[in-house]
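For reference, the structure discussed in these notes is given below.
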2 protein chains.
Amino acid sequence: MGRSVIERNHLEVLRAVEAGGSLTAAAERLHLTQSALSHSIRKLEQQLGTPLWLREGRQLQLTQAGKYLLALANRLLPQFEHAELQIDQFARGQAGTLRIGMECHPCYQWLLKVVGPYLGHWPTVDVDVKQKFQFGGIGALFGHDIDLLVTPDPLHRPGLVFEPVFDYEQVLVVHSGHRLAHNDWISAQDLEPEILITYPVAVERLDVYTHLLLPANIRPVRHKTIETTDIMLQMVAAGRGVTALPRWLVQEYQQRMSIVPVQLGETGIGKQIFLGCRERDRNVDYLSAFMKLATEVRRDDIALDAGLTN
Amino acid sequence: MGRSVIERNHLEVLRAVEAGGSLTAAAERLHLTQSALSHSIRKLEQQLGTPLWLREGRQLQLTQAGKYLLALANRLLPQFEHAELQIDQFARGQAGTLRIGMECHPCYQWLLKVVGPYLGHWPTVDVDVKQKFQFGGIGALFGHDIDLLVTPDPLHRPGLVFEPVFDYEQVLVVHSGHRLAHNDWISAQDLEPEILITYPVAVERLDVYTHLLLPANIRPVRHKTIETTDIMLQMVAAGRGVTALPRWLVQEYQQRMSIVPVQLGETGIGKQIFLGCRERDRNVDYLSAFMKLATEVRRDDIALDAGLTN
DNA sequence: GCCTAACGTGAATAGAATTCATGGATATGT
DNA sequence: ACATATCCATGAATTCTATTCACGTTAGGC
């Protein structure tokens, strides 16, 4: 009969001691006296049958068991905290918060188009967007850090569900006066003398590389990285380099910047964006509604593309 | 300043009420009086600001918030429980338990070869093997249900690390007097009139299908599923069907059963088995030691194969 | 309509967590 | 080397919380 000994409380202590560096500092954080903490720790260590810290002089050093519990704390406490926020929203008559993770930079622009109408249809749901994940998008889904994942790279696994939401073409973006601006398409050789600007992500995640440059074993003379789409395109418009982005995105900026999209490779680079969630959440109404709306916005986009290219 | 309101305790209550069906039954499970539970629930509901159950007559019905918390309980409580077991092992001077998940049936035989020597080298580590996962092997790794995953189907993602541990050939196994026993190799057509025996898993996970039958769009006249390797091979030896297994596995059974391995397809079906773990755990000594040992056992196997085929 | 099985409530109590007051140990500065 | 500040441990006192006990209420079965 293993009675529960580890409480949320204890995890909170582990984390506070780690953050504060000392018992006294941790006590402050937890709005307790140092004495209270000392007692509480001693009791926990007794119940567990092993020390969690080694007292070296007046320094505390985590034992193996302590490190293990600290890892547990860092894993579980955020889930408690998010649950409390979520329940609080339920209590206020809200449906909850939809946490969307993004694994593809330019999708942000597309997401904005979906989120707008969505917030209108679901006034009781909040939306939050996250872009950095410690363990990747899939890990974030499994770890309940996000509820929905926008990614070009789906993964059909038990427990997860992915649905394609829209197709697009990845194109090269050049200044309208650029020597390549009127090419039918761009080869790897064409890119060699160029300054290529991309988001700061691994080369394997950049389609220009995986589809064009790496197969031809060619590198551009210079490769710069920039965080934001706007600045990237300003650089391109100023003739300071070229970049690769979705065609629909370029078309939007084209109206106010002198930039031109050009097909990449002989056949073009076709891409697909997927929306994934945990299978369990599939019947959560406000979540499936987002997926549905996302596929509908895709149709609008296709219509928009047709309008612009005619 | 959102003070902690949800405690492990509360999750325990949620789960017990669900399991027992009533407050009174749950109280019994928790070794408490019904009154205590009632008080505790009322306080929790007050703090959360929303009811967790609707009292319909003398039945309890979970509200949305209640369902949410129940899901949280089912997710977090097992982690608390496992942590307590783990710490208990630390306390006894043990290093912990290595939980190995298996996504490929015949690997079990191979795993036994690794586990034996491993237990010898690491007397302070316990090994546990799990074969069923609610959310697939990857989900089990991310969800900390297992620490190590044996799979033919790796997934290089941030947060996870996979290493190949051995290669093998998937072959058809037939009775030694079988009409196909002396073929150089087996085509999809050859399999059509046969009774095919496999493990009870999805067709997409069976290499005979994905590599041979599905591409040729041919199905065997009959497909039976059997859980255990031994019985499967007994059936084959009795001439009651054919099956597909790793060549090294067949060679072991061949000594005491009249069965024969035959190459599948013109080029044979080459497979690789991977061992995966969470990146964070990479520097856990007893875990990385297992991986190292696993790759060494592979070498022994190759030697063994050479010995048998010469 | 009465009996049973369920949950709720308030006061009493047992038990934990917290504080207060204090002491010992270890770095830090002069 | 000595004073001093910092940090953790301890025991007794206290405050706070969880639990029980005893009773009340309500819904459904016969």
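Residues are listed down the side, and each one gets a yes or a no for (1) modelled with pLDDT of 90 or more; (2) closer than 24 Å to A:V165 by Cβ; (3) among the β-branched types (V, I, T):
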{"site": "A:M232", "(1), (2), (3)": "yes, yes, no"}
{"site": "A:R240", "(1), (2), (3)": "yes, no, no"}
{"site": "A:A244", "(1), (2), (3)": "yes, yes, no"}
{"site": "A:V250", "(1), (2), (3)": "yes, yes, yes"}
{"site": "A:Y253", "(1), (2), (3)": "yes, yes, no"}
{"site": "A:I259", "(1), (2), (3)": "yes, no, yes"}
{"site": "A:G268", "(1), (2), (3)": "yes, yes, no"}
Cβ-Cβ below 8 Å, separation at least six or inter-chain, first residue in segment B:79-94 and within 7 Å of another protein chain (Cβ to nearest Cβ) and more than 16 Å from B:V284 (Cα to Cα), second open to solvent by 30 Å² or more (accessible area, probe 1.4 Å) and basic (K, R): which pairs? B:Q79/A:R75
Could you check, for segment B:161-178, whether at least one of its residues is more than 14 Å from every other protein chain (Cβ to nearest Cβ), open to solvent by less than 40 Å² (accessible area, probe 1.4 Å) and within 19 Å of the chain's Cα centre (by Cα)? yes
Part of a loop (DSSP other than H, G, I, E, B) and buried (at least 18 other Cβ atoms within 10 Å of the Cβ) - does that describe any residue in segment B:124-136? yes
Identify the residue in segment B:25-57 that is in a helix (DSSP H, G or I) and touching a Ser or Thr at 6+ places or on another chain (Cβ under 7 Å) and, among all such residues, is nearest to DNA strand C (Cβ to nearest atom). B:Q34
A:V5 being facing chain B (nearest Cβ under 9 Å) and β-branched (V, I, T): yes
Quickly run through segment A:180-203 and pick out the residues that are of a type in the set (D, E, K, R) and surrounded by 15 or more Cβ atoms within 10 Å (Cβ to Cβ). A:D190, A:E194
Could you tell me which numbered condition B:A16 fails, if it satisfies all but one of (1) over 21 Å from B:L76 (Cα atoms); (2) within 37 Å of the chain's Cα centre (by Cα)? (1)
Picking from A:P246, A:P220, the residue that is within 20 Å of A:T151 (Cα to Cα) and touching a strand residue (DSSP E or B) at 6+ places or on another chain (Cβ under 7 Å) would be A:P246
Condition first: crowded, with 19+ Cβ neighbours inside 10 Å, out of contact with any Pro (no Cβ under 8 Å at 6 or more places or on another chain), facing chain A (nearest Cβ under 10 Å) and not in a helix (DSSP H, G or I). Can you find one or more residues in segment B:64-78 that meet it? no
When you scan segment A:46-53, do you find a residue that is open to solvent by less than 60 Å² (accessible area, probe 1.4 Å) and near DNA strand D (Cβ under 7 Å from one of its atoms), even just one? no
Whichever residue in segment A:31-44 is near DNA strand D (Cβ under 9 Å from one of its atoms) and open to solvent by less than 80 Å² (accessible area, probe 1.4 Å) and, among such residues, is farthest from A:R3 (Cα to Cα): A:S35
Failed condition for B:C104, given (1) under 27 Å from A:R3 (Cα atoms); (2) more than 7 Å from chain A (Cβ to nearest Cβ); (3) buried (at least 19 other Cβ atoms within 10 Å of the Cβ), with all others met? (1)
Of all the residues that make up segment B:216-230, how many are open to solvent by 90 Å² or more (accessible area, probe 1.4 Å) and within 20 Å of B:Y108 (Cβ to Cβ)? 1
In segment B:143-160, anything more than 11 Å from chain A (Cβ to nearest Cβ) and open to solvent by 10 Å² or more (accessible area, probe 1.4 Å) is listed as B:D147, B:P152, B:P154
Residue in segment A:1-20 that is modelled with the highest pLDDT, counting only those that are open to solvent by 50 Å² or more (accessible area, probe 1.4 Å) and outside any helix (DSSP H, G or I): A:R3
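The values are calculated or read from the model by the stated rules, or taken from the named source; none is laboratory data. All of these numbers come straight from a predicted model, not from anything done at the bench. Positions of Cβ are backbone-derived with ideal geometry, glycine not excepted, and every protein chain shown enters the neighbour counts. Keep in mind that these areas ignore ligands, DNA and RNA; they rest on the heavy atoms of the full protein, side chains included. Shrake-Rupley method; radii C 1.70, N 1.55, O 1.52, S 1.80 Å.
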